[in-house]
1. Listed here are the pairs LYS83/LYS116; LYS83/LYS148; LYS8/LYS83; which of them are more than 24 Å apart at the Cα?
2. Which lysines have a Cα lying under 23 Å from the Cα of LYS17, excluding residues fewer than 8 positions away in the same chain?
3. Would you mind working out the magnitude of the charge dipole of the range 13-104 relative to its Cα centre, with +1 at each Lys and Arg C-beta and -1 at each Asp and Glu C-beta, to the nearest 20 Debye?
4. Treat each spin label as a single point 7 Å out from the Cα along the C-beta direction, and report the GLU19 to ARG58 distance in nm.
5. Which Cα, out of PRO4, VAL15, TRP33, lies furthest along the positive dipole direction of the range 1-43 (beta carbon charges, K/R +1, D/E -1)?
6. What is the set of long-range amide H partners of VAL110 at a cut-off below 5 Å, with H atoms built 1.01 Å from backbone N?
7. For the range 16-24, take each phi angle, set θ = phi - 60°, evaluate the Karplus expression 6.51 cos²θ - 1.76 cosθ + 1.60, and give the result in whole Hz per residue in order, putting x for glycine and proline.
8. What does the charge count around TYR91 come to, taking other residues whose C-beta lies under 10 Å from its C-beta (Lys +1, Arg +1, Asp -1, Glu -1)?
Amino acid sequence: MRSPNSRKPSYVALVEKIELHVEKNEVKVRVLWYYRPNDLYHGRQNFYGERELLLSDRDDVQSVETIEGKCIVHTLDDFMELKCIREHDYYCRFEYKVHSAVYVPERADVYCLCNKAYNPDVLMVECEKCNDWFHSECIGMTDGEVKKLEHYFCSACSSRDEEVNGDEVDDDEVNDVEVAAPKRRRTG
């Protein structure tokens with residue numbers, strides 16, 4: 001939906017109902033607003049992705065003429081499966097209660113040494129032994145280095161192997177790696 005401020009991005013809303021007002025010869029839409037993380041009471045957190053929206057409980061009625069076009073708001077899981085992300089593709093994993101500034105769910109799954117929620121814009125790598133996920137930056141690697149790996153074992157698993165076997169993990173063993181969206185989650 002068109003923003004009154006032309007320098008701001010368009011608003012995104014879920015159309016719940018289309019209403020015809022015959023007496024006024026106009027068509028209205030009843031909507032629930034999506035919020036961009038920047039517009040939230042707590043502001044943008046580092047785990048919000050660039051294409052992330054939060055469905056609010058704030059409803060409204062707008063003229064159908066304010067609609068600029070159609071976008072698709074996916075679940076995070078569906079968004080991660082997209083082969084091609086288009087200009088009008090977004091995702092939503094939280095709801096936002098406007099008057100109480102409460103998020104649903106209240107907590108996000110956390111990963112990595114940093115215990116931060118997953119951000120699909122940030123590359124992560126999976127340890128083949130414990131199946132935990134790690135940001136390339138948190139393990140001291142660049143995204144390019146992580147993408148070249150064939151295997152990856154986190155420092156905790158490598159240390160455990162050294163203690164049990166009395167030797168270090170061979171560099172040739174540390175290379176066939178999955179670089180994707182985390183599947184194992186901890187709640188934080």
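Each reported figure results from applying straightforward, stated rules to the coordinates on display, with no laboratory input. If you're wondering where the values come from, they're calculated on a predicted model, not measured in any experiment. Because the Cβ atoms are built from the backbone with ideal geometry, glycine has one as well, and the counts that use them run over all protein chains shown.
1. On the way: LYS83/LYS116 26 Å; LYS83/LYS148 21 Å; LYS8/LYS83 28 Å.
Table pairs above 24 Å Cα-Cα are LYS83/LYS116; LYS8/LYS83.
2. Cα-Cα hits under 23 Å: LYS28, LYS70, LYS97.
3. Values: 13 positive and 18 negative charges, 31 e Å.
Here the range 13-104 has a charge dipole of around 140 debye.
4. Spacing of the two 7 Å Cα→Cβ label points: 1.9 nm.
5. PRO4
6. ARG186, THR187, GLY188
7. Here the 3J(HN,Hα) series is 8, 7, 10, 10, 9, 9, 4, 4, 9 Hz.
8. Working: positive: ARG51, ARG93; negative: GLU52, ASP77, ASP78, ASP89.
Every neighbour counted, the sum reads -2.
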